[in-house]
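What follows is calculated from the coordinates using simple rules that are stated; it is not laboratory data. Here the structure is a predicted model, which means the values were calculated and not measured. No Cβ is skipped: glycine too gets one built from the backbone with ideal geometry, and neighbour counts run over all protein chains shown.
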Amino acid sequence: MPKSLNDSVQFIKSVGPKRAESFSKIGINVVNDLLFYFPSKYLDRSTIVNTLNLVRYVSNGFEGEVTIVGDVVDVEYIRYGKKQIFKVSFKDKTGRFECVWFQGIRFFKDRFKVGDTYALSGKPVITRYGHIQIAHPDFDKLTENESEEFFNTGKVIPFYKVPKELKNQNIGDFSLRKIINNVVTNYYELLDESLPEYLIQKYDYQNLSTSVYNLHYPSNKEIFENSLNRFKYEELFYFELLIALKRSQIKEDKNGISFTISDEVIDKFIDSLPFQLTNAQLKVINEIKSDMQDQSPMNRLIQGDVGSGKTIVCLIAILIAIKNGYQAALMVPTEILANQHYLTISKLLSESGIKISLLIGSNKSKKKKEIIESIKNHEVDLVIGTHAIIQDNIEFSKLGLVVIDEQHRFGVSQRMQLISKSITPDIIVTTATPIPRTLSMTVYGDLDISIIDEMPKNRKPTKTYLRNEEALPKIYKYIVDESKKGNQTFIIYPLVEDSEKITLKSAETYYNDLKDSFFKSINVGMIHGKMKWEEKDQIMLDFANKKHDVLISTTVIEVGIDIPNANIIVINDASRFGLSQLHQLRGRVGRGNKQATCILVSDLTNNKSITNVKESFQYLSSQEIEKNKAIIRLNSMAEHTSGFDLSEIDLKLRGPGDIFGTKQIGFPEFKHADIVNDYDILSNAKADAFNIINDDPLLTKQINNIIKEQVTKKYEYKLTYLNTP
Ligand code: ADP
Ligand code: MG
């Protein structure tokens, strides 16, 4: 029978049915799977040393791995009580050395015969008797006629991760290396190409089979990198290709609404604002106008740091839609935020005759019914609400625009749900999450991106201080003094009520303590997520109307809340919060023209050793970073005010998989590529994919045959990921 990539691994030498079963548990069934089981690292054993040199190296403090060749001169089996040691002594032309085993002795015991020649690799030490010793070396037996036959030693060796499923079947890195070697040498040439020739040539990559071989057995660093880059490129290319396909479908879609833009109406509205729009806001408004005029549906992400003024920009889009006789929906992540938007927008549009409703989960059912009915009958032009807007029973009469505020708070599926409500409304999503450009390109690959990269002119950067808990009395006094000057303060605590298990501070306890002690002479309010909706509403309103000087709060105020007069925020147990959360919380102040202050209180003393966080990443080891994460976060907050800078730091602290909560928005995972460090490859892959789809949208051209085949065969299931608007 001819060899095939679909041959079961069971029939590979030294596998068999039992071991095949354990391979199957880790998703390896056929030969093809093993070909793509790449080394997790490589061991460089290419330098062979002799005993004399080795003594010199080790005495000089050398700590790495070496390979040494010698003849067996003695084999000993030593027993100390329960401990056993297996010791083999070797000699080469310059001296003697020994190797020892403490485990698996049964397996090694009968291997070494006096007179045999071995190559051995491992970490040498000098024993207290002055002997060179290597514990648990990897080794190759060298025979006279093939004394160059190195497999485990003497060159660069692939090292494969051995999952516990394989270990259970007595497969160690030794045997796995053998099994994979068998498969690679016998089968790699059967692999069919998966990228078109013209792309391989463009980047000087090798074909698939050579690249697979080289990734198992790279003969030098350049070859290794070239092969690895091919795999990175390939997965990024097909990912971007799917996005490009999706995008071309959207652009082809002429079922969108072509809105008529009345500059007069917009300009009049802009003139009525109590401030001048920033150039960045105006730029984004223009991008939105041109999208809305177009017959294809708009899919636009507005990215802008906390306080950059995204609401007003969205409001202009809403105005355009409604002036064209359509309805608009504004969806936000929390009820407090929904209510705030409702109040500010109602005020801003009070002259316009536009009818606005607030739809939230905690509406009384009778009231809710009325609202739902009026949405259906187009008695409402703008609906502002939480995810209640996307419930099944909500039907719009003529939905033309959907704005999703703080989109990173919603999952992908929610974004989808709302979209399917109507044929093809225009869509704007906003986020304050300053995703580094590499990430936004992947996460939001299917959206056009507008960036508000400028703060309103009246803003002064918030001053941030790190303080110990001992400083609290002083902080309270400062707050009281500031209250008397008309300034307002948020004090944030991590929990609502004290719980026995966790000793984090709770808003409730501190509210009760503080209002009758330190804050006796001022007005204190409290808000938390467990309160009834009306209560929360009233407290926010009171705070906005300056009835309270201080608002004690949990993180319910984290996103979007806009009370420009509040200019002090104190965050307790600050080390417990993530960087994005701290940035969002701090973003609640510094939204007006007063100088704002943020005080981060933490039991971690201010670790002065890690200042200048960005620079420190260059010399800190990953263990040091891991150990000091919390203090690095706090110092980052003190050193940086830009969300963009903070997101880069966050990325370094967390790794790309979890940046700023991207997990929850369905961030794609790659096997080879690291989208942070492989930005150049990603850019190339994206450009190629979009050019190809632009030129050959249905992939009917001969030269794109391979692409078409791959897309239908291998990547189709992934299209579900892209089933977003
Ligand atoms: P975010 O981008 O965080 O959603 P908002 O849209 O809530 O920010 O705006 C923050 C505050 O800044 C609001 O009080 C808003 O009225 C005000 N604002 C928006 N644009 C400007 C501007 N160009 N100049 C001054 N203040 C502005
Ligand atoms: Mg906002």
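Fraction of C-alpha pairs exceeding 34 angstrom in the chain: 61 percent, rounded to a whole number. Less than 5 angstrom separates the built amide H of I491 from those of L551, I552, S553, V570, all sequence-distant by 5 or more or on a different chain. Work out the P(r) tail for region 463-640: percent of alpha carbon pairs separated by more than 26 Å, whole number. In whole percent, the share of Cα-Cα pairs in region 463-640 beyond 26 Å is 29. Taking the fewest neighbouring Cβ atoms within 10 Å as the starting point, the ordered list for D674, D481 is D481, D674. The local environment of T278, defined by Cβ-Cβ distances under 15 Å, has a net charge of +1 under the rule Lys, Arg +1 and Asp, Glu -1. Seen against the Cα atoms of the chain and their longest principal axis, helix 679-695 is set at about 70 degrees. Scalar couplings 3J(HN,Hα) for region 427-432, obtained by applying the Karplus form with A = 6.51, B = -1.76, C = 1.60 to θ = phi - 60°, are 10, 10, 10, 10, 8, 8 Hz; x denotes Gly and Pro. Couplings 3J(HN,Hα) of region 57-68, computed from phi: 4, 5, 4, 7, x, 5, 10, x, 8, 9, 10, 9 Hz, in residue order, whole Hz [Karplus 6.51 cos²θ - 1.76 cosθ + 1.60, θ = phi - 60°; x for Gly and Pro]. Taking a 24 Å limit on the Cα-Cα distance, which of the listed pairs K155/K221; K368/K547; K323/K532; K91/K123 fall beyond it? Beyond 24 Å between Cα atoms: K368/K547; K323/K532. Listed by Cβ neighbour count within 10 Å, with the fewest neighbours leading, L348, L358 appear as L348, L358.
Region 523-596 and region 223-302 have Cα centres lying 33 Å from one another.
Summarising the amide proton neighbourhood of G529: residues at separation of 5 or more, or on other chains, whose placed amide H is nearer than 5 Å comprise T554, V556. By its C-alpha gyration tensor, with a ≥ b ≥ c as the square roots of the eigenvalues, how is region 26-87 shaped: rounded for a/c under 1.5, else prolate for a/b larger than b/c, else oblate? Note, shape of region 26-87 comes out oblate.
Note on region 342-360 and region 4-51: Cα centroid distance 65 Å, given to the nearest whole angstrom. Scanning residues 5 or more positions from D453 or on other chains, none has an amide H under 5 Å from its amide H, with H placed 1.01 Å from N in the peptide plane. Calculated on C-alpha atoms, the gyration radius of region 43-159 divided by its Kirkwood radius gives an Rg/Rh of 0.95.
Would you mind classifying region 521-620 by shape? Square roots of the alpha carbon gyration tensor eigenvalues, ordered a ≥ b ≥ c; an a/c under 1.5 is rounded, otherwise it is prolate if a/b is larger than b/c and oblate if not. Since a/c reaches 1.5 and a/b is larger than b/c, the shape of region 521-620 is classed as prolate. Helical runs assigned H by DSSP (4 residues or longer) give the chain a calculated mean residue ellipticity at 222 nm of -11500 deg cm²/dmol, each run adding -39500 (n - 2.57) before division by the residue total. Each residue of region 447-458 was assigned a 3J(HN,Hα) from its phi angle through the Karplus curve 6.51 cos²θ - 1.76 cosθ + 1.60 (θ = phi - 60°); the sequence is 10, 7, 10, 10, 10, 8, 10, 8, 8, x, 4, 6 Hz, with glycine and proline shown as x.
Dividing the mean sequence gap of close Cα pairs (under 8 Å, 6+ apart) by how many residues the chain holds gives a relative contact order of 12 percent. Listing E21, E534 from fewest to most neighbouring C-beta atoms within 10 Å gives E534, E21. Remark: relative contact order (region 43-159) = 30 percent; criterion is Cα-Cα distance under 8 angstrom and separation of 6 or more residues.
Summary value for region 194-331: 22 percent relative contact order, contacts being C-alpha pairs under 8 angstrom separated by 6+ residues.
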